[in-house]
Amino acid sequence: MERKVMILLALLFLCSCERTADSNDVFLKFFGDAFEDIGYCVAQTTDGYIVAGQFTKIDSEMDYIKGSSKQFGVFKSSLDGKFEWDSYEGDTIEGIASKIICLDDGSAVAVGYVKSSKTGADLLVMQFDKSGSVSKQRIFQERGNQYGKDVIVTSSGFLILCTTDVKGTGQAEDISNVEGKKDVLLVQVDNDFNKTGSLQRGFPGNDEPVAMKKSLRGGYIVVGTTDRSPEAGQAGSNIFVLPVNNFLIPTEFRILGGTSDEVAADIEVLASGYLIAGTTGTESAQKGHIWKLPEDIYSQNIIAHTIELENASSFSINSICRYKNNSLLMAGKEGSTSSGDMLVFATDIDGNYIQGKVKIVGGTGLQVANDVIADGDDIVTVGSSAYEKNSMISLYKFRF
């Protein structure tokens with residue numbers, strides 16, 4: 001079913017957003033049913049953009065809305081932001097698509113989770129052809145809850161990054177969670193989404209992976225946030241890095257930071273190492289932060305510093321990507337929980353802010369950029385624009 005664009009609410013958002021007067025803004029578009037729609041990831045196709053996120057399925061009778069549910073969904077727009085097609089899993093009580101990637105044949109693969117009345121949260125993988133039709137899908141119904149976070153193409157299929165709250169089976173205290181806490185879960189599937197391997201890894205507390213990339217030394221590198229365990233003297237959350245080889249055999253975790261409020265956002269692979277972006281501090285006084293590691297992640301040669309931005313006293317980071325020849329883009333939110341603006345800025349390869357390369361778009365309500373991609377000079381972000389109890393998916397394209 002084609003998603004509706006709610007004109008009145010979109011106009012309200014457009015009026016409330018601060019619009020720049022120069023020609024660098026290509027478009028700012030809103031999609032969804034004006035309820036609880038959120039865009040979590042954007043990927044570029046040859047002729048447009050494809051977005052994964054949370055759609056709202058409204059249960060109505062005549063003019064009366066009886067209820068709603070969150071749905072795993074994707075949609076595609078043209079390069080100029082015009083809606084083309086959408087697809088979503090509508091037979092569950094809840095679902096979210098967290099990540100989408102485009103393949104060489106023009107199709108796309110999305111991962112996330114769905115909940116039904118019979119099970120908890122189950123990992124869902126869906127593949128879409130160029131027209132938006134679902135070519136294949138697989139729901140992995142396991143014990144506990146599994147939430148899909150990221151996906152990478154491998155030589156034999158796909159590797160999916162998840163969280164699980166199933167009690168760990170490790171023999172040592174530091175490689176398994178306790179019941180109800182989250183662990184890192186890697187699920188390996190072939191091209192038909194048949195499961196071929198898995199790895200569960202974590203500490204006794206909550207471990208929340210956010211992203212993974214192919215490692216410079218072969219295999220993969222996972223980054224996320226851990227509270228490890230109050231029993232271990234952990235007073236808050238830190239950044240973890242977990243390398244695994246191509247056979248899903250892990251090596252030792254590396255814990256970064258040391259303050260009590262550190263949250264990982266994303267990781268980028270550099271020529272000779274890795275750059276991790278995240279956020280430190282409490283909600284009223286947050287700052288973007290980077291940790292730059294060499295290829296040998298256990299080396300002590302780490303660059304770590306807070307990012308200082310002009311006109312942004314408190315801000316958080318949700319995503320990073322490569323930008324042009326030797327710089328990065330970081331996207332997130334400037335402001336508080338209830339009232340914030342969409343934020344995008346550029347840094348050099350060491351995570352130092354490039355003066356003047358910042359864009360803040362917002363107004364009444366809460367605007368957030370959850371993901372960012374770059375194509376030459378063009379920058380595209382996806383997120384949400386919320387007003388009171390409603391939110392729509394925002395897709396924004398601009399240049400510095």
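Things worth noting here:
- Under 5 Å, built H, 5+ apart or other chain: amide partners of D33: T56
- Pair-distance profile P(r), taking every C-alpha pair of region 295-400, with 5 angstrom steps and integer %: 2, 12, 22, 22, 18, 11, 7, 3, 1, 0
- A Gaussian network model of the chain, with springs between Cα atoms under 10 Å, assigns the largest mean-square fluctuation among Q188, Q300, Q71 to Q300.
- Using every pair of separate Cα atoms, the Kirkwood estimate puts the hydrodynamic radius of region 177-257 at 13.4 angstrom.
- Here the chain exposes an accessible surface that is 48 percent carbon and sulfur, computed with a 1.4 Å probe and the other protein chains kept in place.
- A cut-off of 5 Å between modelled amide H atoms, ignoring neighbours fewer than 5 places along the same chain, links Y323 with L328, L329.
- Stokes-Einstein diffusion for region 242-373, with the hydrodynamic radius set to the Kirkwood value over Cα pairs and evaluated at 20 °C in a medium of 1.002 mPa s, equals 139 µm²/s.
- Under 13 Å from K167, Cα to Cα: aspartates and glutamates that are on another chain or at least 8 residues apart: E142, E179, D183, D207
- When K389, K292 are compared by accessible area of protein heavy atoms, the largest-first order is K389, K292, using a 1.4 Å probe.
- Computed over the chain with a Gaussian network model linking Cα atoms closer than 10 Å, the most mobile of Q127, Q355, Q44 is Q355.
- Taken over the C-alpha atoms, region 334-395 has Rg and Dmax values of 12.8, 39 angstrom.
- List I320, I349, ordered by accessible area with a 1.4 Å probe, largest first: I349, I320
- Gap separating the Cα centres of region 241-320 and region 105-125, nearest whole Å: 28
- Its Kirkwood hydrodynamic radius, worked out from the mean inverse distance over all distinct Cα pairs, puts region 256-305 at 11.4 Å.
- Ellipsoid fit via the Cα gyration tensor, region 188-316: semi-axes of 27, 18, 14 Å, each the root of five times an eigenvalue, largest first.
- Both radii were evaluated on the Cα set of region 292-346; the Rg over Rh quotient, with Rh as the Kirkwood radius, amounts to 1.06.
- Pairs over the 20 Å Cα-Cα cut-off, from the set K287/K359; K29/K136; K136/K182: K29/K136; K136/K182.
- Over region 146-219 - Rg/Rh using Cα atoms and the Kirkwood inverse-distance radius: 1.00
- Charge context of V114, other residues only, Cβ under 9 angstrom, K/R +1, D/E -1: -3
- Choice from N390, N326, N370 showing the highest fluctuation, given a GNM over the chain with Cα pairs closer than 10 Å: N326
The values are calculated or read from the model by the stated rules, or taken from the named source; none is laboratory data. It should be emphasised that the depicted structure is a prediction, and the values quoted were computed from it without experimental measurement. Methodologically, a virtual Cβ is constructed for each residue, glycine included, from the backbone with ideal geometry; neighbour enumeration extends over all protein chains shown. Keep in mind that these areas ignore ligands, DNA and RNA; they rest on the heavy atoms of the full protein, side chains included. Shrake-Rupley method; radii C 1.70, N 1.55, O 1.52, S 1.80 Å.
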